[in-house]
Amino acid sequence: MASIDLKMAWRNVWRNPRRTMLTICAIAFACLLLVFMLSWQFGSYETMINSAVKIHTGHLQIQAEGYRDKNDIRLVVDDPAAIGRRLEALPRVDTYTFRADAFSLVSSKERTYGVLVIGIDPEREARTSTLSRSLQEGRYLEAGDADEALVGKLLAKNLRIVPGDELVLLGQGRDGSVAATVVRVKGIYASGQDDYDRSTIQIPLPYFQEVYAMGGSVHEVVVLGRTLKDVPVIKEAISEGLKSEDPESGLVVLDWMELMPGLVEAIQIDLYSGFIFYFLLIVVVAFSILNTFLMAILERKKEFGVIMAMGTTPGRLVRLLLLESSAMTLVGIFIGTLAGILVTWYYQVHGFHISGAADVLRQFGLPERIHPRLSAASILIGPAAVLIITGLTALYPALRVRRLRPVEAIAKG
Amino acid sequence: MNIVECVNVTKTYRQGKMEVRALGGVSLRIKKGGFVALAGPSGSGKTTLLNIIGGLDAADSGSVIVEGNVLDNMSQTELAQLRLRKIGFVFQSYNLIPVLSALENVEFVMLLQGVPTKERLDRARTILDDVGLEGLYDRRPAELSGGQQQRVAVARAIVSDPAIVLADEPTANLDSKTGRELLEMMGEMNEQKSVTFIFSTHDKMVMDHARRLVLIRDGLLADDQDRDP
């Protein structure tokens, strides 16, 4: 029984080949676009996140509870070495580093600005962040350096300094004392994020601890996992370890989403605006399907009347029509999804070069060449949405057939 | 035994604000095995009566009984089942399913009835041979002449052994030679298989072949001639 239904449906689909081809092309194009665009979005988000975490936040940070909101210099990680030992034991952790931060005034010969002074472990920092690779002038810090500093490019411009110049730092130490020192500019960096480059200075961590009376403590232990997918596992492992060892440690583990809520929001906005566009695209395709089937029903009214006269129930006729729409939709989805996978795969391997947008992309931590990333989600979400919406659309003309009366259909067809 | 019984059947169509009376109270009994022509000029109501007997249209009032089944209050699904089991249709313009071959068109009704594949194919081939279409099984309707298409339509109508075949102007689109051959073929089916044939027609040749001629004029029975020996 099903075989003749399928045979009829398939042959009916091709009764008007030009119209069918146009409809199939519309469905296929929508699927191709959806597979590519979703892969593009997911791929660029991953690139964006991986780039952003390597500028300064890392995938995870261990901090004293409340430090992220208050930035109180007294909220510290007392024993970073112990945390480091725990991290060494986690195979999914790629690398980690320690940092300490303090808001201070920085003065050159001509100008004074409020900045964030960051104490870094030069060797560990070079493995964890892109700081060492983003130097534009001068040299990177080395182990053993003391009163030397790396300055963000825009801050250096505002302070009108070059490598070799001296800067005066004036802030408050952890114990409430005045923290004051003079450092020499060793290098100038450009992370690509203007806000960061306008407001930060990096000095060696031991020197920071001395100037700001930190003892051996730090404010952040910055962790990079091997992949983005490792983040929840590492977070869980560290949190459990901290709780079991010392429930009163007062330390918390924050992931990149908590550390960079702005980035998460930007991704969500991009995703939602993308979904609105995709929905409109699918609606246009759905109207194409609707048009095809309404035309088919108008043209074949007499035939439906005859089939009903022969004893076909209205329900069976509806099934037959839905089979036709499904056959056409599935062919379009198959072709479009396959083409989408092939096109996306090509750009996944070779990358998509966006010339002229380098500055804008750098603000989001993106390289000039973006690689879309195929995944089960990016392959299935779009075509599944097309299948559901076009299926619902085809229901309307198919259900209209239920109202047909054989004698009217035969007479007016 | 009456296979069709119509009692005081009326039908009025509405065309815009106008009402057109198609049947004004027709009562008619047709015996099993009959070869009956409902004749009359265009607009006389003969096709309306045929459609009501076939459950394709509903009477406004009166009663229609087909092989013991009262059609008056049946749902669309019940009427579809009745047509599937008891009634075969032959239309003026053949009305074969264009995407199916001759064999598949004949198979279609048996498919709806759930006849097993082998039996279905055997019966479809046999009936196509009987109507003179041996070797044309795989031709689509567009590849057959008008006469051949109407033969497929007759084969389709009788293949599932219906109680009645209702034929609406079956020879109207055929030349006289092909029309005569078709009528003779249906006559043979009527005699050999005892299938009741009811035609609506204004073709004199069909009226001449009929063993009972029912004349309808202005929606009323005008004459009823029984020519059975």
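The values are calculated or read from the model by the stated rules, or taken from the named source; none is laboratory data. Predicted, not measured: the structure shown is a model, and the values here were computed from it. Cβ coordinates were reconstructed from backbone atoms using ideal geometry, including for glycine residues, and neighbour counts include every protein chain displayed. When the accessible area is computed, the model is the full protein with side chains, heavy atoms only, and any ligands, DNA or RNA have been set aside. Shrake-Rupley method; radii C 1.70, N 1.55, O 1.52, S 1.80 Å.
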_I need the full set of residues from the range A:182-194 which are under 17 Å from A:LEU105 (Cα atoms) and open to solvent by 20 Å² or more (accessible area, probe 1.4 Å), in order please._
A:VAL182, A:ARG184
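This table checks each residue for (1) assigned to a helix (DSSP H, G or I); (2) within 14 Å of chain B (Cβ to nearest Cβ); (3) open to solvent by 30 Å² or more (accessible area, probe 1.4 Å); (4) hydroxyl-bearing (Ser, Thr, Tyr).
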residue: A:LYS229; (1), (2), (3), (4): yes, no, yes, no
residue: A:VAL233; (1), (2), (3), (4): yes, no, yes, no
residue: A:GLY241; (1), (2), (3), (4): yes, no, no, no
residue: A:VAL253; (1), (2), (3), (4): no, no, no, no
residue: A:MET308; (1), (2), (3), (4): yes, yes, no, no
residue: A:LEU317; (1), (2), (3), (4): yes, yes, no, no
_Those residues of the range A:164-182 which are without any contact (Cβ under 8 Å) to a residue 12 or more places away in the chain and assigned to a loop (DSSP other than H, G, I, E, B), in sequence order_ = A:GLY176
*Please find, among A:LEU105, A:LEU75, the residue that is in a loop (DSSP other than H, G, I, E, B) and open to solvent by 40 Å² or more (accessible area, probe 1.4 Å).*
A:LEU75
*asked:* Looking only at residues that are touching a Pro at 6+ places or on another chain (Cβ under 9 Å) and open to solvent by 50 Å² or more (accessible area, probe 1.4 Å) in the range A:9-39, which one is farthest from the other protein chains (Cβ to nearest Cβ)?
replied: A:MET37
*asked:* So B:LEU133 ticks every box in (1) away from chain A (no Cβ under 14 Å); (2) buried (at least 19 other Cβ atoms within 10 Å of the Cβ); (3) outside any loop (DSSP other than H, G, I, E, B) but one. Which box is left unticked?
replied: (3)
*Got at least one residue in the range B:189-203 being exposed (fewer than 15 other Cβ atoms within 10 Å of the Cβ) and among the basic types (Lys, Arg)?*
yes
*Considering every residue within the range B:92-104, establish whether at least one is more than 8 Å from chain A (Cβ to nearest Cβ) and assigned to a helix (DSSP H, G or I).*
yes
_Residue list for the range A:216-235, filter: in contact with a Gly (Cβ under 9 Å, 6 or more places away or on another chain) and among the aliphatic types (A, V, I, L, M)_ = A:VAL218, A:VAL221, A:VAL222, A:VAL223, A:LEU224, A:VAL231, A:VAL233, A:ILE234
_the range B:52-74, residues that are more than 10 Å from chain A (Cβ to nearest Cβ), farther than 24 Å from B:ASP161 by Cβ and in a loop (DSSP other than H, G, I, E, B)_ = B:ALA59, B:ASP60, B:ASP72, B:ASN73
*Any chance A:LEU6 is surrounded by fewer than 18 Cβ atoms within 10 Å (Cβ to Cβ), within 14 Å of chain B (Cβ to nearest Cβ) and either within 30 Å of B:VAL115 (Cα to Cα) or more than 27 Å from the chain's Cα centre (by Cα) (or both)*: yes
*Give just the number: which of (1) open to solvent by less than 50 Å² (accessible area, probe 1.4 Å); (2) within 23 Å of A:GLU210 (Cβ to Cβ) does A:LEU159 not satisfy?*
(2)
_Just to be sure before I move on: is A:TYR196 under 18 Å from A:ALA100 (Cβ atoms) and among the aromatic types (Phe, Trp, Tyr) in the structure I sent?_
yes
